[in-house]
1. Restrict the check to the range 163-175 and report whether at least one residue is part of a loop (DSSP other than H, G, I, E, B), touching a Gly at 6+ places or on another chain (Cβ under 7 Å) and under 28 Å from Glu216 (Cβ atoms).
2. Could you tell me which numbered condition Lys357 fails, if it satisfies all but one of (1) under 26 Å from Glu172 (Cα atoms); (2) of a type in the set (D, E, K, R); (3) touching a strand residue (DSSP E or B) at 6+ places or on another chain (Cβ under 9 Å)?
3. Only one of Tyr190, Tyr173, Tyr202 is in contact with an Asp or Glu (Cβ under 9 Å, 6 or more places away or on another chain) and touching a residue at least 12 places away in the same chain (Cβ under 8 Å); which?
4. Check whether at least one residue in the range 127-147 is outside any strand (DSSP E or B), free of Cβ contacts under 8 Å to residues at least 12 places away in the same chain and within 19 Å of Ser45 (Cβ to Cβ), and report yes or no.
5. Just checking, does the range 340-355 include any residue being within 17 Å of Asp36 (Cα to Cα) and of a type in the set (Val, Ile, Thr)?
6. Give the range 416-437 a look and list any residue that's more than 23 Å from Pro30 (Cα to Cα) and either open to solvent by less than 100 Å² (accessible area, probe 1.4 Å) or touching a residue at least 12 places away in the same chain (Cβ under 8 Å) (or both), or say none.
7. Go through the range 1-21 residue by residue and tally those that are of a type in the set (Ser, Thr, Tyr) and surrounded by 11 or more Cβ atoms within 10 Å (Cβ to Cβ).
Amino acid sequence: DGSPHLKRQGSSPLPEGSDDFKKEVYERIPERHLLDILKHVQHWSNYTKHFNPPSGADTKIPDSASRYLYTVFGYGCNLGASQTASHAPKSIHRQTLRRINFQHINASKLESALNDVIGEYARFELPGFWGKSNVAIADGTQIELRKNNLLGEQHIRYGGYGGIAYHHISGEYIALFSHFISCGVWEAVYILDALLLNKSAYQPDTLHADTQGQSEPVFALAHLLGIKLYPRMRTWNDVAFYRPNSDVKYEHIDALFTKNVDWNLIETHWQDIMQVVLSIQAGTVLPSMLLRKLNSHNRRNKLYRAFRELGRVRRTLFLLHYISESDLRQSIRAETTKVESYNDFLDWVSFGGQIIKSGDPVEQTKQIKYTNLVANSIMLHNVVDITDALVKMAEDKHIITKELVGCLSPYIRGKIRRFGRYDVNMDEHPPHLDPKTVPIST
């Protein structure tokens, strides 16, 4: 029809025997209670050491580690303080859990706890078979909110009312950073913040996203910050390709190029561009602050126009690689699939409900980070259990190859009991059934 198209790529074939291999591994993994997982991860990483009163003094709460675990469990699984306390031992009170959440734990402390868990995860060799440590993947998923909310909006793409939980995960599956943003914001505005705010053991320099994770200014800023941006672009053939100048012609793909680069604009404002980048690297300003201005499309904003022009150059170069290298497209699709699996995993972790009840933006951000902490704890424990299972399989003379190990994932959940264990004692009898008359006053 006169427009360029790329053939749909088939999925990569699984190695022979992968189903039997995964079944054998999963059968060797023991069943565990979710609270036991949080307890074990606390023992390994001691992440609750970051939770304390606002004064910074040692907590006076008796058995504080246990109460911190119940707080992480209750808020991370979206049960809330009341439901958590009603199903916990009598020593756990809802007022205590609420006080810990409001006074002892904030978003910064949750980030520090997450980094401790990530540090333990990075020590294992197993995640290296699943991806690259220098790669991160970003994607947003809608979270429902109650009406009349500061961040809440009706989302056109998702068709619901709420906000966007914008997650960055490692190519090795573990969650690195999350934002909670409004639906009306183009997700690419926040895509670079996470890599600069991330203080974990993983420091990625390659970033994948979907179409929402890119724009012309984002391509420019990512390049100047030394970040390789590789988005999965659904509408690549609707994007303008820029030729270096009007004299340049191409034998086979000349029809793709519809506009020319304005090099004079980039050169004129190059010093201003570099001053902005140096301010970002120094931590004076976040990329999102700049990109919110640069996405205003104000024609009088010369800095916006300069960033946009440089971004056109970088995006055109990326698109040329994208359409000519099938391996690159396959890699981008495989990486972005990981973050979609992570979003599904978070839905399973948040079994207390898919709606954030608080209208406070601070509490909404904490809710996302609580859930990340629970999810990362599960992933760390799964890596420990899978590694132990593989060691025992090797002792039993099973064949273990890189390809087979690469088919596994830390998102397994079949052996995890989220709701505890219920016990019915049939020897205990209820009171005798006596249909008494209701004493109505005359």
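1. Yes: the range 163-175 contains one or more residues that are part of a loop (DSSP other than H, G, I, E, B), touching a Gly at 6+ places or on another chain (Cβ under 7 Å) and under 28 Å from Glu216 (Cβ atoms).
2. Failed condition: (1).
3. Of the residues listed, the single one that is in contact with an Asp or Glu (Cβ under 9 Å, 6 or more places away or on another chain) and touching a residue at least 12 places away in the same chain (Cβ under 8 Å) is Tyr202.
4. No.
5. Yes.
6. Those that are more than 23 Å from Pro30 (Cα to Cα) and either open to solvent by less than 100 Å² (accessible area, probe 1.4 Å) or touching a residue at least 12 places away in the same chain (Cβ under 8 Å) (or both): Asn425, Asp434.
7. Residues meeting the conditions: 1.
This table checks each residue for (1) open to solvent by less than 10 Å² (accessible area, probe 1.4 Å); (2) over 19 Å from the mean Cα position of the chain (by Cα); (3) modelled with pLDDT under 95; (4) of a type outside the set (Gly, Ala, Ser).
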{"site": "His155", "(1), (2), (3), (4)": "no, yes, yes, yes"}
{"site": "Gly160", "(1), (2), (3), (4)": "no, yes, yes, no"}
{"site": "Ile164", "(1), (2), (3), (4)": "yes, no, yes, yes"}
{"site": "Leu192", "(1), (2), (3), (4)": "yes, no, yes, yes"}
{"site": "Leu195", "(1), (2), (3), (4)": "no, no, yes, yes"}
{"site": "Asp210", "(1), (2), (3), (4)": "no, no, yes, yes"}
{"site": "Arg234", "(1), (2), (3), (4)": "no, yes, yes, yes"}
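The values are calculated or read from the model by the stated rules, or taken from the named source; none is laboratory data. Predicted model, so just to flag it, every value in this text is computed and none were measured. Don't worry about glycine lacking a Cβ; one is built from the backbone with ideal geometry, like all the others, and counts go over all protein chains shown. Surface accessibility is based on the protein's heavy atoms, side chains included, excluding ligands, DNA and RNA. Shrake-Rupley method; radii C 1.70, N 1.55, O 1.52, S 1.80 Å.
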